[in-house]
1. May I ask you to give the percent of accessible area on the chain that is carbon plus sulfur, with a probe radius of 1.4 Å?
2. Which trypsin sites (Lys or Arg not before Pro) in the stretch 14-92 sit in a loop by DSSP (not H, G, I, E or B) and have at most 15 other Cβ atoms within 10 Å of their own Cβ?
3. Setting aside same-chain residues fewer than 8 positions from Lys1, which lysines have a Cα under 25 Å from its Cα?
4. For the stretch 6-91, give the magnitude of the charge dipole about the Cα centre (Cβ charges: +1 Lys/Arg, -1 Asp/Glu; no others), in debye to the nearest 20.
5. With volume of the Cα convex hull per residue in Å³ as the read-out, I listed (1) 125; (2) 87; (3) 161; which label goes with the value calculated from this structure?
6. With a 1.4 Å probe and all protein chains left in place, how much accessible area per residue does the chain have, in Å²?
7. Whose amide H sits under 5 Å from the amide H of Lys60, counting only residues 5 or more places off or on another chain, with H placed in the peptide plane?
8. Ranked by accessible surface with a 1.4 Å probe, highest first, in what order do Glu39, Glu48 come?
Amino acid sequence: KDAGDYTCDSGDEQTVASLVAKTLPVIFTQPLQNQQAEEGGTITLSCEISKPNASVQWKKAGTVLRPSDKYKMRQAGSVAELTIRNLREADA
(Lines give C-alpha, C1' and ligand atoms only; values in the text may rest on other atoms or scores of the structure.)
Protein backbone atom coordinates (compact mmCIF):
# COMPACT_ATOMS: atom_id res chain seq x y z
CA LYS A 1 0.00 0.00 0.00
CA ASP A 2 3.05 2.30 0.22
CA ALA A 3 3.75 1.98 -3.51
CA GLY A 4 3.14 5.03 -5.69
CA ASP A 5 4.59 8.36 -6.78
CA TYR A 6 6.27 10.58 -4.19
CA THR A 7 7.03 14.28 -4.76
CA CYS A 8 9.48 16.62 -3.07
CA ASP A 9 8.39 20.23 -3.71
CA SER A 10 10.65 23.23 -2.90
CA GLY A 11 8.15 25.79 -4.15
CA ASP A 12 10.34 26.59 -7.19
CA GLU A 13 11.00 23.03 -8.33
CA GLN A 14 9.71 19.51 -7.92
CA THR A 15 11.25 16.12 -8.12
CA VAL A 16 9.17 12.94 -8.43
CA ALA A 17 10.07 9.31 -7.80
CA SER A 18 8.04 6.13 -8.07
CA LEU A 19 8.20 3.53 -5.33
CA VAL A 20 7.53 -0.11 -6.15
CA ALA A 21 7.11 -2.31 -3.06
CA LYS A 22 7.69 -6.00 -3.70
CA THR A 23 5.58 -8.41 -1.69
CA LEU A 24 7.61 -10.98 0.20
CA PRO A 25 6.42 -14.58 -0.02
CA VAL A 26 4.87 -16.24 2.99
CA ILE A 27 7.25 -18.83 4.39
CA PHE A 28 6.91 -21.33 7.22
CA THR A 29 9.00 -20.27 10.21
CA GLN A 30 7.81 -23.34 12.18
CA PRO A 31 6.76 -26.25 9.95
CA LEU A 32 4.31 -29.01 10.86
CA GLN A 33 5.68 -31.81 13.03
CA ASN A 34 4.87 -35.53 12.70
CA GLN A 35 2.63 -36.76 15.50
CA GLN A 36 1.04 -39.95 16.78
CA ALA A 37 -2.32 -40.24 18.52
CA GLU A 38 -4.79 -42.90 19.57
CA GLU A 39 -7.97 -43.74 17.68
CA GLY A 40 -10.95 -41.84 19.10
CA GLY A 41 -8.73 -39.06 20.42
CA THR A 42 -8.12 -35.46 19.39
CA ILE A 43 -4.95 -33.95 18.00
CA THR A 44 -3.88 -30.43 17.05
CA LEU A 45 -1.41 -29.77 14.24
CA SER A 46 0.30 -26.38 14.36
CA CYS A 47 2.59 -24.35 12.12
CA GLU A 48 3.87 -20.77 12.08
CA ILE A 49 4.10 -18.46 9.06
CA SER A 50 6.19 -15.36 8.40
CA LYS A 51 3.25 -12.99 7.84
CA PRO A 52 0.69 -12.71 10.63
CA ASN A 53 -2.87 -13.39 9.47
CA ALA A 54 -1.84 -14.44 5.95
CA SER A 55 -4.38 -16.87 4.58
CA VAL A 56 -3.58 -20.57 4.96
CA GLN A 57 -5.42 -23.61 3.66
CA TRP A 58 -5.40 -27.02 5.31
CA LYS A 59 -5.34 -30.09 3.04
CA LYS A 60 -5.16 -33.86 3.45
CA ALA A 61 -3.82 -35.82 0.46
CA GLY A 62 -4.47 -32.79 -1.77
CA THR A 63 -8.10 -32.34 -0.67
CA VAL A 64 -8.98 -29.04 1.01
CA LEU A 65 -10.36 -29.50 4.52
CA ARG A 66 -13.39 -27.49 5.63
CA PRO A 67 -14.45 -26.62 9.18
CA SER A 68 -16.82 -29.26 10.57
CA ASP A 69 -17.53 -31.29 13.69
CA LYS A 70 -14.34 -33.22 12.84
CA TYR A 71 -12.04 -30.38 11.74
CA LYS A 72 -11.53 -27.08 13.54
CA MET A 73 -9.23 -24.47 12.01
CA ARG A 74 -7.87 -21.58 14.06
CA GLN A 75 -5.37 -18.84 13.29
CA ALA A 76 -3.99 -16.35 15.78
CA GLY A 77 -1.47 -13.98 14.22
CA SER A 78 1.23 -16.09 12.63
CA VAL A 79 0.20 -19.43 14.20
CA ALA A 80 -2.22 -21.68 12.30
CA GLU A 81 -3.78 -24.73 13.95
CA LEU A 82 -5.84 -27.67 12.76
CA THR A 83 -7.65 -29.74 15.38
CA ILE A 84 -8.87 -33.17 14.31
CA ARG A 85 -11.46 -34.77 16.59
CA ASN A 86 -12.59 -38.39 16.93
CA LEU A 87 -9.50 -39.75 15.18
CA ARG A 88 -9.87 -42.81 12.97
CA GLU A 89 -7.33 -44.90 11.10
CA ALA A 90 -8.40 -43.15 7.89
CA ASP A 91 -7.18 -39.83 9.34
CA ALA A 92 -3.54 -41.03 9.19
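1. In the chain, the share of accessible area belonging to carbon and sulfur is 48 percent.
2. Answer in residue order: Lys22, Lys70, Arg85, Arg88.
3. Within the straight-line limit of under 25 Å, Lys1 reaches these lysines: Lys22, Lys51.
4. On the way: 10 positive and 10 negative charges, 106 e Å.
It comes to approximately 520 debye.
5. Computing volume of the Cα convex hull per residue in Å³ and matching it to (1) 125; (2) 87; (3) 161 gives (1).
6. Each residue of the chain exposes 81 Å² on average to a 1.4 Å probe.
7. Hits under the 5 Å cutoff: Leu65.
8. Order by accessible area, largest first: Glu39, Glu48.
The values are calculated or read from the model by the stated rules, or taken from the named source; none is laboratory data. Treat the numbers as computed from the prediction; the structure is a model and nothing was measured. Cβ: placed from backbone, ideal geometry, glycine included. Neighbour counts: every protein chain shown. These area figures cover heavy atoms from the full protein model, side chains too; ligands, DNA and RNA do not enter into them. Shrake-Rupley method; radii C 1.70, N 1.55, O 1.52, S 1.80 Å.
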